[in-house]
Every structure is written in structure tokens, then in C-alpha cells.
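First the structure, in the form of C-alpha cells, and then the observations on it.
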């Protein structure tokens, strides 16, 4: 790597392969002083391992998600898909796919990402090129192990319209505005009838219900809201 240093807090070591072997769930590795080719090289070394990364302005972070992190994201993913299904909305999920812009030298993997209004434009595609294809409409970040603050400028550069950040207690909806920054808003532009506090209430039921039970309970609640003329409330 080019004049790079690698830090595994609180231990420092210079070899990326060794760093990957030393990864602990929930403990990020930060690599500083990398150029874009360095980032691509480390990404190739990572391969298909289930790790989250980002790169911007010479800094790369690598994280192995913790069990708690994965529990929360699976629950949120279940509810988002159930909501879209009950509302008969198009949705195409791309999981933790890597999104990069070579021209911007920025890239990351979301904890989850979804195409909603642009679902038809990416249907059937096995590879995406953000130079041609639209960015995901919605990205989700779980902030149990680390803050997503450094990832937000990357999302903005990639022009992702909406990012949800959940810390285990609260969910904040960030919408991209005209000046290229994110504004915290009360409701999602894609699910404007959904009170976010209600979604969080169901997310927190994960310690009482298994995924199948939670999916059924949330779908029943959504149907009840629809029957009450939800969209006109």
C-alpha cells in the first residue's frame, strides 16, 4: 500500500491480510493514507467475506458485524419488505452490495439497501454500475458497533436519496436535499404514512417474537391501518 498505516483499535499492524485475520465482531479496522487502487486491492483481498467497508478521502474502514448488529438489520429488513408488500409497492433489495464511483473515488456497502421508485430500472441486473444505473433509493445503517457519520458524505456523493440510521433505540430518517446534504425528517418519502415510532415499536419486539411471528404481527397492523383509510389520515 502507498504510505499507508493500518490501525486495529487499540492495536496497530501494517499487514492487511493479518488485519483481516485479527478482525473481531464489532471492532472496526481503519486504514489511513490509502489511494483508490489500494482500496480496490484490499477489497479484492476481502472478496466475498461478510464485511462492511467504506472508502473516502484516503481512509478505509473494515467492520465485521456483531451478532447484535445482524439481529437488528434482519428485523428491519423483514419489516421493510413486509411494508412494501402490504402496500403493493415495487421493491428490489440488493442486500449489502458494494456501491462505488471510480470517478469520485468513493465506495461502501450498506447494511441493507433497496430500490423502490427505481426498482424497475435494476430488475434482472446481476451487476450495477453507478455511472449508468441509479443509486439505491434507500439505505439502512445499524449503529450498534460504530457510528455511520463518516459514511453519510459518501452516501451524499453517491446521491442516495434516503438513509435510515438505527442505534438500537431510535431510528432517524435522513433525506438528501438540494444542497447535497442530509436533513433529518419525521417520515420517509417512500413510506409517508408510516409513523417511524410505530416501526421502531415493532423492531423492538424482536426479543418477544421470532421473525415469522413479527412479520405476521406487523402485516396485521399495516392492514388495519390501510382499512382505517391510512393514506388519508
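Just so it is clear, none of the values below were taken in a lab; they were calculated from the coordinates. Note that this is a predicted model, so its numbers are computed, not measured. Here Cβ is always computed from backbone atoms with ideal geometry, including for glycine, and neighbour counts include all displayed protein chains.
A few remarks follow.
- Rounded, prolate or oblate (a/c below 1.5 giving rounded, otherwise prolate when a/b exceeds b/c) for the stretch 28-136 by Cα gyration tensor: oblate
- Calculated FRET efficiency for the pair residue 147/residue 212, C-beta based, R₀ 41 Å, to 0.05: 0.80
- Mean-position separation - Cα centroids, the stretch 186-233 and the stretch 160-181, in angstrom: 19
- Rounded to the nearest 10 degrees, the inclination of helix 67-86 to the longest alpha-carbon principal axis of the chain is 40 degrees.
- Cβ-derived FRET efficiency at R0 30 Å, residue 187 paired with residue 67, nearest 0.05: 0.50
- Two-site label geometry, residue 220 and residue 24: point separation in nm, points 7 Å out along Cα→Cβ: 4.3
- By the helix-only formula, in which each DSSP H run with n ≥ 4 contributes -39500 (n - 2.57) and the sum is divided by residues, the chain has a 222 nm mean residue ellipticity of -9500 deg cm²/dmol.
- For the chain, the longest principal axis of the Cα atoms and the long axis of helix 211-227 meet at an angle of about 50 degrees.
- Between the stretch 125-154 and the stretch 42-78, the alpha-carbon center distance in angstrom: 11
- Ordered by the count of other Cβ atoms within 10 Å of each Cβ, fewest first, 114, 67 give 67, 114.
- Label zone at residue 32, where the point sits 7 Å out along the Cα-to-Cβ direction: the stretch 49-93 residues whose backbone N lies under 18 Å: 54-63
- In degrees, nearest ten, helix 36-46 long axis to first principal axis of the chain (Cα): 70
- If the Kirkwood radius is taken over C-alpha pairs of the chain, then at 25 °C and 0.890 mPa s the Stokes-Einstein diffusion coefficient equals 131 µm²/s.
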